[in-house]
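The values are calculated or read from the model by the stated rules, or taken from the named source; none is laboratory data. Everything numeric in this text was worked out from a predicted model, so none of it was measured. Every residue, glycine among them, receives a Cβ derived from its backbone with ideal geometry; neighbour counts consider all protein chains shown. Areas reflect the complete protein model, heavy atoms only, side chains present, ligands, DNA and RNA absent. Shrake-Rupley method; radii C 1.70, N 1.55, O 1.52, S 1.80 Å.
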Amino acid sequence: MDSSLSSALRVLPEYLGFHVLLSAAALGLGILLSLPLAIAASRSARLRWPVLSFVSLVQTIPGLALMALFYPLLLALSLLSLRLTGQGFSALGFLPALLALTLYSMLPIVRNIVTGITTLDPALIEAAHGVGMTDRQRLWQVEMPLVAPVAMAGVRTAAVWVIGTATLATPVGQTSLGNYIFSGLQTENWVWVLFGCGVSAALALAVDQLLGLIETGIARRARRRIWAGALILCLGIATAAASVFAPATKGGYVIGAKNFTEQYILADVIGQRLADEGGTATVRSGLGSAVVFRALAQGDVDVYVDYSGTVWANVMGRTDQPGRAAMLAQMAEWLKREHGVTLVGPLGFENAYALAIRADKAQQLGIRSIADLAPYAPRFVMGGDFEFFTRPDWTALTEGYGLRFARTREYQSTFMYRAVKDGDVDVISAFSSDGRIAADNLRVLADPLERIPPYDAIVMVAPGRETDARLMAALKPLIGAIPVEQMRAANLMVDRPDRPVAPAVAARWLMERNAGQGDQ
């Protein structure tokens with residue numbers, strides 16, 4: 001069996017289990033909220049427009065943005081709860097995804113119920129009044145039974161939407177079938193991408209058919225159909241819960257990772273080191289820089305690898321460059337004082353932002369540095385990853401060298417390299433430890449004004465975790481143990497178009513070459 005397929009099947013129970021539980025919880029909560037709201041809206045014309053407008057407005061917000069917007073809100077509530085009661089809660093992962101998906105599920109349910117009730121034959125309502133029914137009796141004995149098939153049609157639509165949109169929960173730290181898609185896109189593992197899409201689609205179709213069975217049971221007043229559909233759905237949810245909460249799948253530590261190859265590899269390295277020390281861990285990957293740091297400071301993530309320049313500029317808001325050693329020392333002191341975060345140490349390599357251009361074009365135009373690039377910039381298109389153009393580094397480069405590109409385009413980092421290789425853009429914001437720089441014959445331009453700060457890969461642990469002997473025993477051997485050449489080679493193992501390997505395989509390769517080299 002293909003190694004990509006076998007690795008996908010190995011994590012399927014975990015990914016599918018989390019996806020089912022998240023979708024079921026969101027749909028259930030959505031039904032609970034939608035039902036009274038729809039009934040109230042059907043009774044009041046004044047309430048109807050704002051209710052329908054609100055649930056429609058939610059659908060105009062991209063699902064990923066809606067999940068991301070809930071994270072800072074939940075984080076603030078968690079901090080408030082911690083201050084008032086001494087107990088906080090995790091603002092990352094399940095909760096923001098649950099709230100966003102719940103809102104997403106409401107439009108078809110609310111609209112179908114409102115439409116169903118308001119379009120009933122007035123003669124039926126008159127008849128109900130005529131036999132002396134109260135409003136409550138009329139609602140539950142006449143109106144709801146008549147609109148139940150229409151309401152179930154809304155629930156079926158909501159279920160398909162929720163299951164599909166739940167794949168976007170991965171970037172906010174919630175494991176789902178989206179883990180296949182996001183990591184597959186980053187590592188160009190198309191088997192994983194297709195596998196994640198296929199399983200998600202199959203799950204949506206299966207749930208839709210089971211809800212359809214309940215719908216026809218309601219319409220035909222066939223209780224067996226209703227109970228059969230409901231029973232199979234409950235069994236599916238129970239199986240998902242068993243796969244997620246089984247002791248073997250519980251992770252003791254949470255490792256955070258951003259959304260590119262090197263982060264996946266380093267997260268696997270840390271996970272394997274923890275396993276060697278007798279610990280277990282789960283990885284929350286695909287997180288943005290700001291999200292993963294807040295999660296670490298909050299204790300939602302126990303450990304992750306960031307880069308000194310990112311913390312210095314984005315988190316600390318510093319624009320000066322005191323030098324590598326001074327920067328690390330000041331950073332360690334500030335992280336401990338302001339957030340309780342411990343900087344364990346640098347891994348031994350730097351992954352800095354760097355402007356890169358195709359070597360043949362650079363040679364043809366005589367471009368060796370960013371200063372040489374500046375006169376050509378108005379004719380060039382610049383490509384960057386999703387973060388680059390909002391970072392202080394970009395501002396420092398444009399102001400320092402007077403760069404004015406004809407256009408800028410944002411890419412997922414894998415496609416950014418393909419774009420410059422194929423000539424879609426002229427310059428990209430490459431990563432200095434990326435193996436594709438050499439593989440794609442790119443030239444990294446010198447930064448004579450030193451506008452880009454050092455980007456040493458550093459390991460940080462959450463407040464209180466610095467006293468965890470097992471965690472520190474797993475991390476300490478990694479400090480200073482990974483040279484940039486080996487990190488580039490490991491990255492290229494995953495990113496190369498021919499015979500790519502999984503990040504876990506590259507992580508094992510990296511560990512075998514660095515065993516015993518770190519500071520003990």
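Worth a mention:
- Answer label, with percent of Cα pairs over 46 Å apart calculated from the coordinates and candidates (1) 23; (2) 18; (3) 8: (1)
- Around Phe386: net Lys/Arg minus Asp/Glu count, Cβ-Cβ under 15 Å: -1
- The count of lysine pairs in the chain that are at least 8 places apart or cross chains, and whose C-alpha atoms lie under 26 Å apart, stands at 7.
- Solvent-accessible heavy-atom area per residue, rounded to whole Å², over the chain at 1.4 Å: 45
- Carbon/sulfur fraction of accessible area - the chain, other protein chains in place, 1.4 Å, %: 60
- Normalised by the number of residues in segment 238-385, the mean separation of alpha-carbon contacts (under 8 Å, six or more apart) gives a relative contact order of 17 percent.
- Each of Ala169, Tyr376, Val505 was scored by the projection of its Cα onto the charge dipole of the chain, and the greatest displacement toward the positive side belongs to Ala169; charges sit on the C-beta of Lys, Arg, Asp and Glu.
- Here Lys476 sits with roughly 90 square angstrom of accessible surface, probe radius 1.4 Å.
- Structure-based [θ]222 nm, the chain - -39500 (n - 2.57) summed over DSSP H runs of at least 4, per residue, nearest 500: -19500 deg cm²/dmol
- Alpha-carbon centroids, segment 407-450 and segment 360-389: separation in whole Å: 9
- A simple spin-label model places the labels of Trp49 and Met133 3.0 nm from each other, with each point 7 Å out along Cα-to-Cβ.
- Within the chain, the selection of entire DSSP H helices by a Cα span of 15 Å or greater along the long axis and an average Kyte-Doolittle value of at least 1.0 returns 12-43, 63-85, 94-118, 144-165, 190-220, 223-245.
- Applying both filters, DSSP loop and at most 15 other Cβ atoms within 10 Å, to the trypsin sites (Lys or Arg not before Pro) of segment 154-229 gives Arg221.
- Relative contact order for segment 11-121, counting Cα pairs under 8 Å that sit 6 or more residues apart, in percent: 44
- Heavy-atom accessible surface of Arg488, to the nearest 10 Å², is about 90 Å², with a 1.4 Å probe and all protein chains retained.
- The mean sequence separation of alpha-carbon pairs under 8 Å and at least six residues apart, normalised by the residue count of the chain, gives a relative contact order of 15 percent.
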